[in-house]
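Only the coordinates and a few stated rules stand behind these numbers; no lab work does. Treat the numbers as computed from the prediction; the structure is a model and nothing was measured. Cβ atoms come from the backbone with ideal geometry, glycine included; neighbour counts cover every protein chain shown.
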Amino acid sequence: MRILVIEDEPGIANFIKQGLEEESFAVDVAYDGTGALETALSGTYDLLLLDWMIPGLSGIEVCRKFRKTDRETPIIFLTAKDTVQDTIFGLQAGANDYIKKPFAFEELLERIRVQLRPKSGEHETFTLGNITLDTRTHQVFKNHEEIFLTQKEFALLEYLMRNKGQVCRRTQIIESVWDIHFEYNTGVIDVYINALRKKLGLQENGPHIKTVRGVGYIARES
């Protein structure tokens, strides 16, 4: 899951970024409204975390302009403006939720999870043959036996299973799972793929993660 944090105070932005990355989210940060809107509209984000009082376009303006193009991606205001009228104004501009500063990170994390929770009728789990991944409980099972993965292993497996049947390019994986946006030795992906194959007991005659030479990987059923 990728989140765009729009916050002009570096200390707060870094605190949120670090905390969310420890929870296996990929996080980008924008420090002004004009750049934030451009980034939000040009990238693929699962949620926007938006401060109200930022340079350039205000958070309200960013929210309104973004909503003209995207009406689905959740937006959470995170701001020191704390009156009832401010809250109503923010929600009317198109936000899904409103958190007042100062805030507890645990509350912010839970508010984010609520917004990212699958809508009624949608699956909260992903399957690959006899392997099941549950994004809410952060658990992986094979034949109903739990397989314990590291955070990065889980994030990598989730990305591949979300895109099951599609080739996932190395650059896409490195950006989505490791949150790196420049030339990087993607050989680290091979190490994690091999670890997943070993832990999950993946073989070619069953559900497997296939290497597409020179391109990336694809998760396939048998």
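A few remarks follow.
- Net charge dipole size for the range 41-173 [Lys, Arg +1 and Asp, Glu -1 on Cβ; Debye, nearest 20]: 500
- Whole-Hz Karplus values for the range 77-86 come out as 7, 10, 8, 7, 6, 10, 7, 4, 5, 4 Hz, taken residue by residue from phi with 6.51 cos²θ - 1.76 cosθ + 1.60 and θ = phi - 60°; glycine and proline positions read x.
- Principal-axis tilt of helix 33-42 within the chain, Cα atoms, nearest 10 degrees: 30
- Between the Cα long axis of helix 187-200 and the first principal axis of the chain there is an angle of about 60°, rounded to the nearest 10.
- Looking at the chain alone, DSSP beta bridges between its own residues are antiparallel in about 55 percent of cases.
- Using a cutoff of 8 angstrom between alpha carbon atoms and counting only pairs six or more residues apart, the relative contact order for the chain works out to 15 percent.
- What you get for the range 125-220, charging only the Cβ of Lys and Arg (+1) and of Asp and Glu (-1), is a dipole of about 280 debye around the Cα centre.
- Highest average packing first - 100-111, 65-76, Cβ atoms within 10 Å: 65-76, 100-111
- Cβ-placed point charges (K, R +1; D, E -1), dipole of the chain about Cα centre in debye, nearest 20: 800
- Cα-based helix-to-principal-axis angle, 59-69 vs the chain, degrees rounded to 10: 50
- Residue among THR34, LEU202, VAL191 farthest towards the positive dipole end of the chain, charges placed on Cβ: LEU202
- Across the range 2-116, the relative contact order, built from alpha-carbon pairs under 8 Å that are at least six residues apart, equals 23 percent.
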